[in-house]
Amino acid sequence: MSFYDLFHQYPLEKVKKLIYNSTLTQVQEAMASRELSMADFAALISPAASSLLENMAQKSQQKTLSRFGNTMQMYVPMYLSNECQNICTYCGFSYDNKIARIRLSDAQILQEAEIIKSYGYDHVLLVTGEANRTVGIDYIEHAVRILRPHFSNISIEVQPMEEEEYVRLHDAGVYAVLVYQETYTEEKYKLHHPKGKKSNFQYRIETPERLGKAGIHKIGLGVLLGLEDWRIDSFYCALHLSYLRKKYWKTKFSLSFPRLRPASNVPLHDQLISDRELVQLICAWRLFDENLELSISTRESDTFRDNIISLGITSISAGSKTNPGGYAAEPEALEQFEISDDRSPQEIAEMIRSKGYEPVWKDWEHTSATI
Amino acid sequence: MDRLIIAGKEFNSRLFLGTGKFSSNQMMSEAIATSGSELVTVALKRMDFRNPQHLMLRSLIDSGVNLLPNTSGVRNAEEAIFAARLAREALQTNWLKLEIHPDPRYLLPDPIETLKATEVLAKEGFIILPYINADPVLCKRLEDVGTSAVMPLAAPIGSNQGLQTRAMLEIIIAESNVPVIIDAGIGAPSHAAQAMEMGADAVLVNTAIAIAGDPVRMAEAFRWAVASGRMARMAQLPKTMREAQASSPLTSFLN
């Protein structure tokens, strides 16, 4: 059974009831159990769990420490292009935004790499919009190949692709692929993604399976918090993870928590998640899966990030620029979203050390003879 | 003097340490020093070979402890062999902790790929210490292809559950012709002492020390637990009995 079939066995109204009818006792039972079921996860993300947030945080911290130790993985995004054929109502790169469009040349990519390396980074995340004619598989594969000698670990966050294309990217040296479903609320999906290839809900939801089949080491999942009900979307995302981790048992998984923030010309949505709720969500994920990498970006504020790193997060970006050419300062190209924490990587590393954690800059070595 | 010998190399300490999960390089170095350990594992994937000033590597090399590179992160024999060659070149050592775990969740070792890689690497002159499940038959198969030791797990790595595989470990220890180093799952000094009393040649500990409230003191606790467990083994532990045995037997007058 594909995930899309399994997904349809969980009608939205039933999921909603399961979450919102969870009782305090169910939350306590979920916290006490060793292997959490989907109903347990529903209880942990429910409004009922809010009163047990401190207990959840304590447990999340202890589980994270046991599995990941006193360490924090450092990563940074490199935006290669802001060209995009999709209309997404929340994104600064949306096709209908009249902004300057840029696609980095080889020289510009290497220039960005040099600056990123000078900050101490050895892991990089390459990001693009979706413009298959100009920023398709060939462009991305080429970028990975020219960056391979400079970084130990390359991840990408680009348009969904075919399995054979992922195999090509894997062979070129891609370690992880991040592809967020944005929302699992199928009937609303089209409203947020009215035009472009991205408007195909089913193709997007089946992307992680194509990644698993292609043998990509790590798959990054997530929902865009604030687009629809974060509790319902997160439930489906957890269902997705459970399905994938059994089927693709050699694959690692990570989860990110992008939450909607103001972007150029984009109105704010009304399902925003509060700081307290986001902490609840992070802790719920940790209790659900103690091996899952949980990642937090510079979308979040200084104060929030300083406090969240000891509660379950295992990887963090710092000093990020979300516009192509941003590190070498390309002022004309607009950013995808606004950075909230603009401290330098060294400042963040210092903050991490002061909390008793060791920032990890390198945690991968290519050991495939084919590269 | 009761010394451990692996592939001709002598060790005074039977406690090996892993170097992950520590909050700083300084903490790690202090814990290693206090533990008395003479062999520590380093994850190849964490080391920046292109940067000789890499802090972790620097602190370890300066401390004079022997380094045992591990292949953590590889998923099959081919990747492990590539990583082993890389480690030998970078660290100038032919010692290798072979870890092949295709499953990132429980990090359980793949016996088939481990056997394949051991066979190839032993022929290339590597001193192989493979991380394996507590499988007595696999241990014999690894001996056949030239392993220098075996490192069976006591419980899933990082789980601190202690000697869950005791029954299999006892068979491995009884039958092995190479040193048996119990690796993974040892969560307390008492577990380490039990492993040594059972007859293990050494133990490898990481998580229990690295994430302790005071890693340096915990390292010292493990140092004495391992030494005392070994001492008990050498002193020959009395067998455990179901029934009471009088200290002054009733029939001793017949002797």
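The rows are residues; the columns are (1) loosely packed, with under 15 Cβ neighbours inside 10 Å; (2) in contact with a helix residue (DSSP H, G or I) (Cβ under 9 Å, 6 or more places away or on another chain); (3) within 14 Å of another protein chain (Cβ to nearest Cβ); (4) assigned to a loop (DSSP other than H, G, I, E, B).
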| residue | (1), (2), (3), (4) |
| --- | --- |
| A:55 | yes, yes, no, no |
| A:60 | no, yes, no, no |
| A:73 | no, no, yes, no |
| A:83 | no, no, no, yes |
| A:94 | no, no, no, yes |
| A:117 | yes, no, yes, no |
| A:120 | no, yes, yes, yes |
- Message: Residues that are surrounded by fewer than 19 Cβ atoms within 10 Å (Cβ to Cβ), more than 14 Å from every other protein chain (Cβ to nearest Cβ) and in contact with a Pro (Cβ under 8 Å, 6 or more places away or on another chain), at least 1 per element: which strands (runs of 3 or more DSSP E) completely within region B:1-110 meet that?
- Response: B:4-6
- Those residues that are without any contact (Cβ under 8 Å) to a residue 24 or more places away in the chain and closer than 24 Å to residue B:40 by Cα, I need them from region B:218-255; list them, please. B:231
- Task: Mind counting the residues in region A:231-247 that are surrounded by fewer than 22 Cβ atoms within 10 Å (Cβ to Cβ), of a type in the set (Gly, Ala, Ser) and within 14 Å of the chain's Cα centre (by Cα)?
- Result: 0
- Return the pairs, sorted by first residue and then second, in which the second residue is part of a strand (DSSP E or B) and of a type in the set (S, T, N, Q), the first residue lies in region A:247-258 and is in contact (Cβ under 8 Å) with a residue 60 or more places away in the chain, the beta carbons are less than 8 Å apart, and the residues are 6+ apart or on different chains. A:254/A:295; A:254/A:315; A:256/A:295
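This table checks each residue for (1) in contact with a strand residue (DSSP E or B) (Cβ under 9 Å, 6 or more places away or on another chain); (2) of a type in the set (A, V, I, L, M, F, W, C).
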| residue | (1), (2) |
| --- | --- |
| A:47 | no, no |
| A:59 | no, no |
| A:75 | yes, no |
| A:79 | yes, no |
| A:85 | yes, no |
| A:90 | yes, no |
| A:110 | no, yes |
| A:115 | no, yes |
- Query: Is it the case that residue A:45 is surrounded by 21 or more Cβ atoms within 10 Å (Cβ to Cβ) and over 26 Å from residue A:112 (Cβ atoms)?
  - Reply: yes
- Message: For the list (1) more than 14 Å from chain B (Cβ to nearest Cβ); (2) modelled with pLDDT of 95 or more, I need the number of the one condition that residue A:340 fails.
- Response: (2)
- Sort out which residues of region A:96-114 are β-branched (Val, Ile, Thr) and either surrounded by fewer than 18 Cβ atoms within 10 Å (Cβ to Cβ) or at pLDDT below 95 (or both), and write them in order of number. A:99, A:102
- Message: Name the residue that is surrounded by the most Cβ atoms within 10 Å (Cβ to Cβ), counting only residues in region B:169-198 that are at pLDDT below 95 and of a type in the set (Gly, Ala, Ser).
- Response: B:184
- Query: Can you name the condition, by its number, that residue B:185 falls short on among (1) more than 26 Å from residue B:135 (Cβ to Cβ); (2) without any contact (Cβ under 8 Å) to a residue 60 or more places away in the chain; (3) of a type in the set (Gly, Ala, Ser)?
  - Reply: (1)
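The values are calculated or read from the model by the stated rules, or taken from the named source; none is laboratory data. Treat the numbers as computed from the prediction; the structure is a model and nothing was measured. When we count neighbours, we look across all protein chains shown, and the Cβ atoms used for this are built from the backbone with ideal geometry, even at glycine.
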